[in-house]
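To start, the structure itself, in C-alpha cells.
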Ligand SMILES: Cc1cc2nc3c(=O)[nH]c(=O)nc-3n(C[C@H](O)[C@H](O)[C@H](O)COP(=O)(O)OP(=O)(O)OC[C@H]3O[C@@H](n4cnc5c(N)ncnc54)[C@H](O)[C@@H]3O)c2cc1C
C-alpha cells in the first residue's frame, strides 16, 4: 500500500514525489495538468508560460531531470524603461542615459545618504544603500508596482543578492560612460528549445504517480485522512503539501482561533498575465525589461519568442506582460482595465499595436508572497501549527517563502528524502 501522499503537482510536489518514489507516493493535483506556476499554454501556434520564465538552479538532481530536455541558454541582459529612456539593469549602476540633472541629484544624494540609520524596513534599507533620490525615483515606485506595498511596510529578509549594492566608484563609472557588460545576480538561464517551460517537467511524469483533477478539500490530521471535492477519501502515513499555507488552514477542522487569525494576516500579490501574439518577427529586442512609469500597470515585460524561437510561428513574435495586484487592496484592477492598459502601454513603449493578432488575459491568484512585518510573525504561528500536525510544507506557497522554481523543487525533494529515510524505504 502507498503511504506517502503529496498535494499539488507543481515543481515542489513533483520533487517530493521523485524523492519518495513511485512505489510509495501518490500525487493529487486539482487541475487537469501538472506544473502549477511552471506550466505552459498554447494559443494557436504560440506558446506562453503561466508565471515562470527561465531556469537557473544548479541543483544536481534538478539538472539531471531538466537537462533531459534540449534547451537554450540565455545570458541575462535586462533593461529598465523609465519615461522614454532605456537603462541597463540595475539602474543604480547604469545612470549614463539619464539627463545630467538627474545624475547629479542621484550621485549627490548617494554621497549624502545616512550611514547610521537603524534598518527596520525595506524603506530604511533602500535609503541606506542608494540615498534619497534613487530610492524615491526608482525603487519606491517599482516596489509599489511589483509588491503592491510601500517599502516602509516591508521587511528585508527576502533581499539576499536580488538587489545590487553599489559603491561610489560603481555609481560614477556607470554615470560617466555606458557600461558594455550587463550585471545580474544570475549568469546563465535555461529554457527548453520547444514546448515552453513545462517541457522541463516532462521526464517527471513517468517517474511519479499523478492523479489529476483531484482537489483536496479537507485534511483530518488525527485520522490521517484526506477528502477530495468529488467525495473520494484517502488515508496517508506521510503528507506533503504544496497548497498555499492559508488555504491549508481552511482545510483543517478545529484549527485554533489564534492560528486562523494569523493565516488571515498573510499577504501576497496576484498577477494578471497579458500574452500578446504579433504578426511580425522580433517585436522586442529585449528578452525582458522592467517598467517604472506608473501609468503603465505592468512591472515586467518578457518576450517568449526570444526565450525560444519555437514559442511563436515563423515570422511572428510575442510579448507577455505582468500586472501585479492585491486582491484585498486593489479592487479596481479588473481584467478589462488591465487589457485596456495593455494597449495604451504597448503604444507608449513603441510596440506596433497594428500587428497584434490576439491578446490573452489570465490571472494567477498566487504570484509573490509579500514580506510585511505582520506576515513574518503570522507565518511562524501557522507553519509551527501545521508541522505539529505532521503536515510537511513544501514549495513557494506552502512554505510561504520567496522561492525560485529550483528552490521549490529542492524544498519538496529534500523534505521527502529526509522523511522517507527516517521511515525506511
Ligand atoms: C510571475 C512569476 C514568475 C516567476 N519566474 C520565475 C523564473 O523565471 N524562474 C524561476 O526559477 N522561478 C520563477 N518563479 C517562481 C516559481 O514559479 C515557483 O517557485 C514555483 O513554480 C512554485 O512551485 P510550487 O510547486 O511550490 O507551487 P505551485 O506551482 O503553485 O504548485 C502547487 C500545485 O498545487 C495545486 N493545488 C493547489 N491547491 C490544491 C488542492 N486543494 N488540491 C490539489 N492540488 C492543489 C496547484 O494547482 C498547483 O499545481 C516565478 C513565479 C511567478 C509567480
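Coordinate-derived values only; no laboratory data. This one's a predicted model, so the numbers in the text were calculated from it and none came from an experiment. Methodologically, a virtual Cβ is constructed for each residue, glycine included, from the backbone with ideal geometry; neighbour enumeration extends over all protein chains shown.
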Using just the C-alpha positions of the stretch 1-141 as equal point scatterers, what log10 of I(q)/I(0) does the Debye formula give at each q in 0.10, 0.15, 0.16 1/Å? -0.64, -0.91, -0.94
Just to confirm my numbers, what's the Cα centroid distance between the stretch 1-78 and the stretch 116-150 in Å? 34 Å
Could you give P(r) for the chain, binned at 20 Å from zero, as whole percent values over all Cα-Cα pairs? 24, 55, 20, 1
Per the helix-only model, the chain has a calculated mean residue ellipticity at 222 nm (DSSP H runs of ≥4, -39500 (n - 2.57) each, divided over all residues, rounded to the nearest 500) of -9000 deg cm²/dmol
Between the stretch 299-338 and the stretch 177-215, what is the C-alpha centre distance in whole Å? 17 Å
The stretch 85-109 residues near the modelled residue 168 label - backbone nitrogen below 20 Å, point 7 Å along Cα→Cβ: 92-96, 101-109
Evaluated over the stretch 270-364, the Cα radius of gyration and Dmax, each in Å: 13.0, 42
Please work out the C-alpha center-to-center distance from the stretch 402-418 to the stretch 233-261 and express it in whole Å. 19 Å
Would you work out the relative contact order for the stretch 93-176, in percent, from Cα pairs under 8 angstrom that are 6 or more residues apart? 41 percent
What percent do you get for the relative contact order of the chain when only Cα pairs under 8 Å and 6+ apart count? 26 percent
Relative to the longest principal Cα axis of the chain, at what angle does helix 373-388 sit, 0 to 90 degrees, rounded to 10? 20 degrees
Among 185, 290, 385: highest mean-square fluctuation, GNM of the chain, C-alpha pairs under 10 Å: 185
For the stretch 270-364, what relative contact order do you get, as a whole percent, if you take Cα pairs closer than 8 Å and at least 6 residues apart? 44 percent
